[in-house]
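Just so you know, all these numbers are worked out from the coordinates, no wet-lab data involved. Note that this is a predicted model, so its numbers are computed, not measured.
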Amino acid sequence: VLYRYFNEFMHKIYFYKIIYINLLQMIKKILVLLIDFHYIKKFRFNLLLVLVFVICVVGCRNVADKNVKDLTSVEKTTTGVDLSFLEMEDGAYVIPWKYLLRLQMDSSYNEQMAMVVELPVFNDTLKALEGKQVIVEGYYIPATETKDNQIVILSAFPFAECFYCGKAGIESVIDVLSVKPLPRMKTDTKTRIRGRFRLNAENFDYLVFVLEESSLLEKD
């Protein structure tokens, strides 16, 4: 009898032990799930942050790309150079000679002439002035070889010191082309001329600087 009661007691203990073990395993699984869920929520939150960051970056990049495109379109028309440092007079830029005298030259072989020639390398400021109305003050030198007073030379230096006497560079003279004949003046007359500024690196019949549609301005 005692053995039977003892045996039943042990079975009950074993049964409750199994229940206890199973209960502990279940609690453990629940805790694991809760922990995993916490990390999942944290992961989802981090993922959300990453997505928001990516969206912001892409959005900002699109705006930046648009700004770059807009800036590029502006640079195509203005070369991106601020010309506000130049004085304006009646809608024209007044160009001091110092900006023209900075012109650099580069040696290059020209197939048409079959020789090495000096070609101008125009800087950004000069490129920005291309096609603009400008005013330049200089010494009047008639182009006697053309016998045409619609084509004259404006020089930074008097004739005795100018390019044609070999005492200055080609950057110190400007071809002045006018629609109407310019008034005849004495050589070395100090004058101011207005015209459309052009750069020339290809046509050897003209100087590297050209003023088109030019007109003579009265000195103050």
³J(HN,Hα) computed for each position of the range 209-216 - Karplus, 6.51 cos²θ - 1.76 cosθ + 1.60, integer Hz, glycine/proline x: 10, 9, 10, 9, 6, 7, 9, 8
Hey, if you drop one equal point scatterer on each alpha-carbon of the range 87-220 and run the Debye formula without solvent, what base-10 log of I(q)/I(0) do you get at q = 0.12, 0.13, 0.18, 0.20 Å⁻¹? -0.45, -0.53, -1.02, -1.25
Contour minus Cα-Cα span, ARG102 to VAL116, at 0.36 nm per residue, comes to 2.9 nm
Spelling it out for THR189: with amide H atoms placed in the peptide plane at 1.01 Å from N, the residues 5 or more places away or on another chain with amide H under 5 Å from its amide H are TYR140
Output wanted: per-residue J couplings in Hz (rounded whole) for the range 118-125, from phi through Karplus 6.51 cos²θ - 1.76 cosθ + 1.60, θ = phi - 60°, x for Gly and Pro. 8, 10, x, 10, 7, 7, 5, 5
Please work out whether the range 149-204 counts as rounded, prolate or oblate from its C-alpha gyration tensor, where a ≥ b ≥ c are the square roots of the eigenvalues and a/c under 1.5 means rounded, while otherwise a/b larger than b/c means prolate and anything else oblate? oblate
Under the rule of at least 5 residues apart or a separate chain, name every residue whose amide H is placed under 5 Å from the amide H of GLU89. VAL94
For the range 186-203, what does the Karplus curve 6.51 cos²θ - 1.76 cosθ + 1.60, with θ = phi - 60°, yield as ³J(HN,Hα) per residue in whole Hz, taken in order and with x for Gly and Pro? 6, 4, 6, 5, 6, 9, 10, 10, 10, x, 8, 7, 10, 9, 10, 10, 10, 8
